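**Q** If you scroll down you'll find the structure; I have some questions about it.
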Amino acid sequence: MQIRIRNFGPIKSFDLDLSKKFTVIFGKNNIGKSYSTSVTYLILKNLMKFGYEKLDANLTEFGESFRESFYATYEDIGNLTNRFSQKGMKLVLCTDALELTIESDGKKLLFHNVATAGNKLTGSPDISHIHYLPASRSGLYQALSAFSQIFAELSRSRGFLKKKVDIPSIPEPVSDYFLGLSAIRKRETEDDNEILRLVREMEKNILKGEVHFNEETKQMVYTPCHTDLSLDMSLTSSMVSELSPVVSYLKYIVASADGTSIIFIEEPEAHLHPETQVRLMEIFAELVRANVRIVMTSHSSYMFNKMNNLILDKKIDPETTGTVVFKHTDEGSVGTYVSTDELGADDENFLDVAEKLFNEKLELVEKLDTGERAE
Ligand SMILES: Nc1ncnc2c1ncn2[C@@H]1O[C@H](COP(=O)(O)OP(=O)(O)OP(=O)(O)O)[C@@H](O)[C@H]1O
Ligand SMILES: [Mg+2]
């Protein structure tokens, strides 16, 4: 199954291969990584709502639901026309059995051409649950938690009810992320669950403490090892507040889910020391082996290098791993899969910067030497 993205915001073209279990997306800032992951999330989420097999029959309902998600996320469709090429957006969902095209005429979304080749849908991914962990997730969580508490408090006051309040729109991947965390229900999960084992490993070796969910306040709290503290996220380190949502999703949602989950995670390295980034990549590799699909964006050369070492160590399967690099062109960015084999993925993202820094250093040292000799 593939999602073909054309002229969508900053992107000229990108074909996201959803048959890969692990997808890592690199590229400079502002280049379309988040646009591509957020729109893929919205397509998949709505697809799962109506069922892949029944999409042909439910196309109208799918269209309505997707439109709602789309406008909540991107607001103005006119803004999405690629300003580099001036061409209108086109999104195509392709499986062996169907091809669904979502296009814009500049004003509205149009859906067409669901072709069914035979009765059995063979190309649909085996995915039952989908989650999106956006960038700046700790700040978003704290801001939205505070906002929802203020809102609950204000709603109780009679005066408030008489006034009109404009609530700013929140992109759907972000609101889904927050609602997912707020609606956590503690469920009984088997002790030998592999995902829970990985969560415990993360808590013990990375967070050095446990993340809990307070069902009363509907908030995450952190208990550092060997303490009786129950700290609000605003009182924890940036590493803890950044990773706690990841741990909570895994512990309370993914571990107890039936079927395969796919998690989109933006910049998991944010706020983490390189050592922690490397450990996190090890955990991601194990999660993928435990049948959790991951699509991540990243700017971390540490995570990239660790991914390659894990491929060399046969802990990440290059066959089911996709390494994408987005690059600028005159008509917008193009996302392409770089060669990824048993020796790892080609570095088409970090090498230039590393080389430039190294050469700059050589020049500066040389200058220093020449200066010293002249004195
Ligand atoms: N219609 C458009 N045409 C061209 N460029 C656009 C359009 N709409 C948005 N952009 C650009 O796309 C950017 C957003 O892209 P996106 O969020 O996907 O970047 P990213 O690759 O995730 O970057 P980062 O690494 O900083 O998160 C905007 O900041 C803007 O510069
Ligand atoms: Mg981004």
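**Q** With the requirement that a residue be within 21 Å of the chain's Cα centre (by Cα), more than 21 Å from Val353 (Cβ to Cβ), of a type outside the set (Asp, Glu) and surrounded by fewer than 18 Cβ atoms within 10 Å (Cβ to Cβ), what does the stretch 309-336 give you?
**A** Thr320, the sole residue that qualifies.
**Q** Still on this structure, I have one more. Go through the residues of the stretch 19-42 one by one and say whether even a single one is in contact with a Ser or Thr (Cβ under 9 Å, 6 or more places away or on another chain), more than 15 Å from ligand 2 (Cβ to nearest atom), within 18 Å of Thr101 (Cβ to Cβ) and of a type in the set (Lys, Arg).
**A** no
**Q** Applying the selection to the stretch 58-105, what residues are part of a helix (DSSP H, G or I), β-branched (Val, Ile, Thr) and more than 13 Å from Leu42 (Cβ to Cβ)?
**A** Scanning the stretch 58-105 gives Thr60, Ile77.
**Q** So the check is Cβ under 7 Å with 6+ separation or different chains; which pairs have a first residue in the stretch 227-238 that's within 17 Å of Leu272 (Cα to Cα) and a second one that's in a loop (DSSP other than H, G, I, E, B)?
**A** Short answer, once both residue conditions are applied: Ser238/His271.
**Q** Quick one: in the stretch 219-275, which of the residues that are closer than 20 Å to Ser38 by Cα and hydroxyl-bearing (Ser, Thr, Tyr) is farthest from ligand 2 (Cβ to nearest atom)?
**A** In this case the residue turns out to be Thr260.
**Q** Kindly evaluate Val278 against the criterion of being in contact with a Phe, Trp or Tyr (Cβ under 7 Å, 6 or more places away or on another chain), of a type in the set (A, V, I, L, M) and not in a helix (DSSP H, G or I). It would help to see each step written out before you state the result.
**A** On the way: in contact with a Phe, Trp or Tyr (Cβ under 7 Å, 6 or more places away or on another chain): yes; of a type in the set (A, V, I, L, M): yes; not in a helix (DSSP H, G or I): no.
It is false that Val278 is in contact with a Phe, Trp or Tyr (Cβ under 7 Å, 6 or more places away or on another chain), of a type in the set (A, V, I, L, M) and not in a helix (DSSP H, G or I).
**Q** Right, something else. List every residue pair whose Cβ atoms sit under 6 Å apart, with the two residues 6 or more apart in sequence or on different chains, where the first one lies in the stretch 262-274 and is farther than 29 Å from Leu44 by Cα and the second, anywhere, is of a type in the set (Ser, Thr, Tyr) and in a loop (DSSP other than H, G, I, E, B).
**A** Nothing qualifies.
**Q** Something else now. Condition first: within 16 Å of ligand 1 (Cβ to nearest atom) and either in a helix (DSSP H, G or I) or closer than 15 Å to Asn205 by Cα (or both). Now tell me which residues in the stretch 232-271 satisfy that.
**A** Restricting attention to the stretch 232-271, the residues satisfying the condition of being within 16 Å of ligand 1 (Cβ to nearest atom) are 242, 264-271.
The one that is within 16 Å of ligand 1 (Cβ to nearest atom) and either in a helix (DSSP H, G or I) or closer than 15 Å to Asn205 by Cα (or both): Glu242.
**Q** Right, something else. If you check Leu47 against the conditions, is it more than 16 Å from ligand 1 (Cβ to nearest atom), open to solvent by 10 Å² or more (accessible area, probe 1.4 Å) and at pLDDT below 95?
**A** Working: more than 16 Å from ligand 1 (Cβ to nearest atom): yes; open to solvent by 10 Å² or more (accessible area, probe 1.4 Å): no; at pLDDT below 95: yes.
No, not satisfied.
**Q** Wholly within the stretch 287-342, which strands (runs of 3 or more DSSP E) include no fewer than the required count, namely at least 1 residues that are under 12 Å from Lys21 (Cβ atoms)? Quick ask: steps written out before the conclusion?
**A** Details: elements: 292-297, 321-329, 332-337.
Passing ranges, in order: 292-297, 321-329.
**Q** Is it the case that Gly88 is within 16 Å of ligand 1 (Cβ to nearest atom), open to solvent by less than 50 Å² (accessible area, probe 1.4 Å), of a type in the set (Gly, Ala, Ser) and farther than 30 Å from Ala285 by Cβ? Break it down into steps so the answer makes sense when it comes.
**A** Working: within 16 Å of ligand 1 (Cβ to nearest atom): yes; open to solvent by less than 50 Å² (accessible area, probe 1.4 Å): yes; of a type in the set (Gly, Ala, Ser): yes; farther than 30 Å from Ala285 by Cβ: yes.
So Gly88 passes the test.
**Q** Identify, by number, the condition in (1) touching a residue at least 60 places away in the same chain (Cβ under 8 Å); (2) farther than 13 Å from Val295 by Cβ; (3) among the basic types (Lys, Arg) that Lys49 doesn't meet.
**A** Condition not satisfied by Lys49: (1).
**Q** Now a separate question. Does Lys306 satisfy the condition of being among the charged types (D, E, K, R) and open to solvent by less than 70 Å² (accessible area, probe 1.4 Å)? Don't jump to the end; show me each part of the working.
**A** Details: among the charged types (D, E, K, R): yes; open to solvent by less than 70 Å² (accessible area, probe 1.4 Å): yes.
Criteria met by Lys306.
The values are calculated or read from the model by the stated rules, or taken from the named source; none is laboratory data. All values reported here derive from a predicted model rather than from experimental measurement. Quick reminder, even Gly has a Cβ in these numbers, built from the backbone with ideal geometry, and neighbours come from all protein chains shown. These area figures cover heavy atoms from the full protein model, side chains too; ligands, DNA and RNA do not enter into them. Shrake-Rupley method; radii C 1.70, N 1.55, O 1.52, S 1.80 Å.
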